[in-house]
Amino acid sequence: MNAKRPNIVFIVADDLGFADLGCYGGRDAEFGAVSPVLDGLAAKGLKLTQGYSNSPVCSPTRFALMTGRWQYRLRGAAEEPINSASRGSATLGLPPAHPTLPSLLQGAGYRTALIGKWHLGYPPHFG
């Protein structure tokens, strides 16, 4: 096994159809390539071609991608972690101790970062 670990860039986009990117066949009649930078990344890396969303909305899908579990298997996958009088300050959303792809990568020595939309919990657990 190679001692150098590969870099990982895992991109999740909302409302992106299969052929919306050039690397999956998307083209614009007037301009041609629609996503040249992402196409370049895809040409040098791994491209997923057989995945399907397990939900029509973003948070449950993100939950499944980050945990490897169906969203309905763990309460909170589709709930916003907002305080209320009835539930107090109990954190809803992804349980902070639940393993995720980033936490497993951290355990393997990777440094991880999230840029953009999370919608699976709020600080202090996911700050």
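Rule-based calculations on the coordinates, nothing more; no lab input. Here the structure is a predicted model, which means the values were calculated and not measured. Cβ atoms come from the backbone with ideal geometry, glycine included; neighbour counts cover every protein chain shown.
Side notes on the structure shown:
- Viscosity 1.002 mPa s, temperature 20 °C, Stokes-Einstein D of the range 8-64 from Kirkwood C-alpha radius, µm²/s: 169
- A crude spin-label estimate for the pair F18 and S103, with each label 7 Å from Cα along the Cβ direction, gives 3.4 nm.
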